[in-house]
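Student: Before anything else, here's the structure in question.
The values are calculated or read from the model by the stated rules, or taken from the named source; none is laboratory data. Note that the structure is predicted; figures quoted are calculated from it, not measured. Cβ coordinates were reconstructed from backbone atoms using ideal geometry, including for glycine residues, and neighbour counts include every protein chain displayed. For accessibility, only protein heavy atoms count, side chains too; no ligands or nucleic acids. Shrake-Rupley method; radii C 1.70, N 1.55, O 1.52, S 1.80 Å.
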Amino acid sequence: SLLRQLNDQHDELKKLYEQMARHATHDFLTGLPNRKHFHDQLAGTIASAKQDKRTFTVLYLDLDGFKAINDALGHAMGDQLIENTARRLERCVRKGDMVARVGGDEFVVLLQEVASVDISKIAEKILKSLSEPFVISDKTLSITTSIGVSTFPQDGTDANALIHIADCAMYETKRSGKNGYRISSRAHAQPALARAGDQAI
């Protein structure tokens, strides 16, 4: 009986430790990797990409119109919208890629070894998926997203540079009308900008 109690306590402590460890690395609302986990993963990806001489891509996303919905319908509805957005984003990427939530309505996607033409296809897939109406608690909600894209090593060889370039490209998308994506590359004089449904330059 005593041994059984000790085993039960050990199992409970193990589960508690696993929950605490997961909460430290994953977003509580969506279950996605959080900002810290993403940065750790990005640092590891940079190290291996340098060694293997390969490329990868970062997509920085910000939802268009989320604040208005959150303010008008309340945080509970806003939370459900964020959860649904996370699930759609997961369905838009490939196995081995990462989707993380790094802010209130901000997400990042880490694409491993993807060709330029496929970057555009994935960005367009995300735009199309998130532009389709969400039905939550008998309400139909509509949002879009603005996306900025940076690629290693053209746009930077450290995590801060890659995130900064993608973030700046995302804000350029917002300033240019939202609901689109901008592929930034220091190898080109002008970054490519595409609206939803358009072909990237």
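Student: Take G104 and decide whether it is at positive phi and modelled with pLDDT under 95. If you could, list the steps in order and put the result at the bottom.
Tutor: Values: at positive phi: no; modelled with pLDDT under 95: yes.
The answer is no for G104.
Student: Scan L32, L42, L81 and give me the residue that is within 24 Å of K139 (Cα to Cα) and surrounded by 17 or more Cβ atoms within 10 Å (Cβ to Cβ).
Tutor: Working: L32 fails: within 24 Å of K139 (Cα to Cα); L42 fails: within 24 Å of K139 (Cα to Cα).
Result of the check over L32, L42, L81: L81.
Student: Only one of L59, L89 is aliphatic (A, V, I, L, M) and assigned to a helix (DSSP H, G or I). Can you tell me which? Give the steps one after another, and end with the answer.
Tutor: Values: L59 fails: assigned to a helix (DSSP H, G or I).
Only one candidate passes the filter, namely L89.
Student: Give region 33-51 a look and list any residue that's polar (S, T, N, Q) and under 24 Å from G104 (Cβ atoms), or say none. Please lay out each step first, then the result.
Tutor: Residues of region 33-51 that are polar (S, T, N, Q), as a first pass: 34, 41, 45, 48, 51.
If the condition is that a residue be polar (S, T, N, Q) and under 24 Å from G104 (Cβ atoms), then N34, Q41 are the ones that fit.
Student: Condition first: outside any loop (DSSP other than H, G, I, E, B) and either under 14 Å from the mean Cα position of the chain (by Cα) or exposed (fewer than 15 other Cβ atoms within 10 Å of the Cβ) (or both). Now tell me which residues in region 130-143 satisfy that. Quick ask: steps written out before the conclusion?
Tutor: In the first step, residues of region 130-143 are kept if they are outside any loop (DSSP other than H, G, I, E, B); the result is 130-131, 134-136, 139-141.
Listed by number, the residues that qualify are L130, V135, K139, T140.
Student: For the list (1) in a helix (DSSP H, G or I); (2) touching an Asp or Glu at 6+ places or on another chain (Cβ under 9 Å); (3) open to solvent by 10 Å² or more (accessible area, probe 1.4 Å), I need the number of the one condition that V117 fails.
Tutor: (2)
Student: From the set of residues in region 84-107 that are out of contact with any strand residue (DSSP E or B) (no Cβ under 6 Å at 6 or more places or on another chain) and of a type in the set (G, A, S), which is least open to solvent (accessible area, probe 1.4 Å)?
Tutor: Selected residue: A86.
Student: Given the criterion touching an Asp or Glu at 6+ places or on another chain (Cβ under 6 Å), assigned to a helix (DSSP H, G or I), of a type outside the set (D, E, K, R) and open to solvent by less than 40 Å² (accessible area, probe 1.4 Å), identify the matching residue among I165, I126, I122.
Tutor: On the way: I126 fails: touching an Asp or Glu at 6+ places or on another chain (Cβ under 6 Å); I122 fails: touching an Asp or Glu at 6+ places or on another chain (Cβ under 6 Å).
Checking each option against the conditions leaves just I165.
Student: Of the conditions (1) exposed (fewer than 13 other Cβ atoms within 10 Å of the Cβ); (2) more than 20 Å from E132 (Cα to Cα); (3) touching a residue at least 24 places away in the same chain (Cβ under 8 Å), K67 clears all except one; give me its number.
Tutor: Just one mismatch for K67, condition (2).
Student: Hey, among the residues in region 117-126 that are more than 13 Å from the chain's Cα centre (by Cα) and touching a residue at least 60 places away in the same chain (Cβ under 8 Å), which one's nearest to H37 (Cα to Cα)? Give the steps one after another, and end with the answer.
Tutor: Filtering region 117-126 down to residues more than 13 Å from the chain's Cα centre (by Cα) leaves 117-121, 124-125.
Narrowing further to those that are touching a residue at least 60 places away in the same chain (Cβ under 8 Å): 119-120, 124.
Numbers: I119: 23, S120: 26, E124: 26 Å.
Applying the filter and picking the extreme gives I119.
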